Amino acid sequence: MSQTDTNQAAPAEGSGGSSSGRNRLAKIIAHSGLCSRREAERMIEAGRVKVHGVVVTDPATNLDDWQGVSVDDRSLSAPPDVKLYRFYKPLGALVTDRDPEGRTTVYDLLPDMGAGAPRLLAVGRLDINSEGLLLFTTSPVLKRKLELPDSGLARIYRVRAHGMVNDRQLASLADGVTIDEVRYGPVVVERETQKESGLNRWYRFTLTEGKNREIRKLAQYLGLQVNRLIRVSYGGLTLGSLARMELKEVSRARMFELFGVGTEKKSSWAKAKPKPKKPGHRKLADKKRAAKDGRRMGVGRSPSSSRNSRTPRRGG
């Protein structure tokens, strides 16, 4: 195979592949979990990538699959299984692969996954002064699906802010607002309790997009100053009882239920006979749900807790 043959039929700029179902070389490398697509493009342009032994320098080269591709003379592996993880991002950590200023990133805090573990990709971002639920996945496709505003996935945040605001002001965000020529979509804001005292109060913001520092700008628009921001839910997955810096795998059944990926749960066990519901079961269920998604003031366990294992566990 010649380099000319390999490079032919490149799709138009901005497309992810051709109408025949083939994909760009850079995309194939990225989907293998080796690196990001931009890094793959740089590797290709630097002559580090071969297809069936022939050096290819055009990132737009179309291929059927990963077979025959090598990077630095090492054969590319098949794309990893789609996996999704929940992680409690602490304050002070950047959501980026590396920081030129040497500051701590979330990748510095992830547990050792062992040799040959797939590369984890952060879904969306939380700024350095925010904490809470951050999702990681092995799949660039799932990452993109979860990040797109068109997905309509709800992000829920607990926000402690200084200042006074009335219900009419909170309701004004429900139809979206424009701030400094930037349009922000509908946001639902609820008080966590109606019995409030002092100027620091807790609110719950629910939105379906994630513009840069959106909640802080919306709060400032209302005359509030945010002094703590915790993401407690993303697309139906919750922070729950995760400890700070804890990583926990989402089950394949849960991924299938929420996002249509993974494997639908199948069980060979017979279904248990439903137990009669006891009086007050709804109230108890509400209390458990509130504790799970972080409504209580002490979100997450102390790092000194015996349950604060940094080894990934299945569940979700």
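Once you've got the Cα coordinates, tell me which of 145/217; 27/83; 27/145; 27/143; 27/50 are over 20 Å apart. The partial results should precede the final answer.
Working: 145/217 25 Å; 27/83 18 Å; 27/145 15 Å; 27/143 14 Å; 27/50 15 Å.
Table pairs above 20 Å Cα-Cα are 145/217.
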Each residue of the range 150-156 in order: what ³J(HN,Hα) in whole Hz does its phi give by Karplus 6.51 cos²θ - 1.76 cosθ + 1.60, θ = phi - 60°, with x for Gly and Pro?
4, 5, x, 6, 7, 10, 10
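Run the numbers for residue 208 and residue 253: contour at 0.36 nm per residue of separation, minus the present Cα-Cα distance, in nm. Kindly include the intermediate steps, with their values, before the conclusion.
Values: separation 45, 0.36 × 45 = 16.20 nm, distance 2.35 nm.
Taking 0.36 nm per residue and subtracting the Cα distance, the gain is 13.9 nm.
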Any chance you could tell me what percent of the C-alpha pair distances in the range 89-243 go past 26 Å?
30 percent
Starting at the first residue of the range 157-163, write each ³J(HN,Hα) from the Karplus equation 6.51 cos²θ - 1.76 cosθ + 1.60 with θ = phi - 60°, in whole Hz, x for Gly and Pro.
10, 8, 10, 9, 9, 9, x
Quick check on the exposure proxy: order 123, 55, 82 from fewest to most C-beta atoms within 10 angstrom.
55, 82, 123
Tell me which residues come under 5 Å, amide H to amide H, from residue 126 once H is placed; ignore anything under 5 positions away on its chain.
95
For 231, 244, ascending order of other Cβ atoms within 10 Å (fewest first) is 244, 231
Restricted to the range 111-247, the DSSP antiparallel beta bridge percent, nearest 5, is 95 percent
If you plug each phi of the range 237-254 into the Karplus form 6.51 cos²θ - 1.76 cosθ + 1.60 with θ = phi - 60°, what whole-Hz ³J(HN,Hα) values come out, in order, with x for Gly and Pro?
8, 10, 5, x, 9, 4, 7, 4, 6, 8, 10, 9, 6, 8, 5, 5, 5, 5
Measuring from its Cα centre, the range 48-127 shows a charge dipole (+1 at each Lys and Arg Cβ, -1 at each Asp and Glu Cβ) which, in debye to the nearest 20, is 200 debye
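Please arrange 22, 144, 168 by how many other C-beta atoms lie within 10 Å of their C-beta, fewest to most.
Details: 22 17, 144 14, 168 7.
So the residues, fewest neighbours to most, are 168, 144, 22.
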For the pair residue 241 and residue 193, how long in nm is the line joining their label points, each one 7 Å along Cα→Cβ?
2.3 nm
Distant-in-sequence amide H partners of residue 232 (H built 1.01 Å from N, under 5 Å):
133, 156, 157, 158
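Throughout, read-outs are computed from the coordinates displayed, never taken from laboratory work. Keep in mind that what you see is a predicted model, and the values were worked out from it rather than measured. Please note: Cβ atoms are built from the backbone with ideal geometry, for glycine as well, and neighbour counts cover all protein chains shown.
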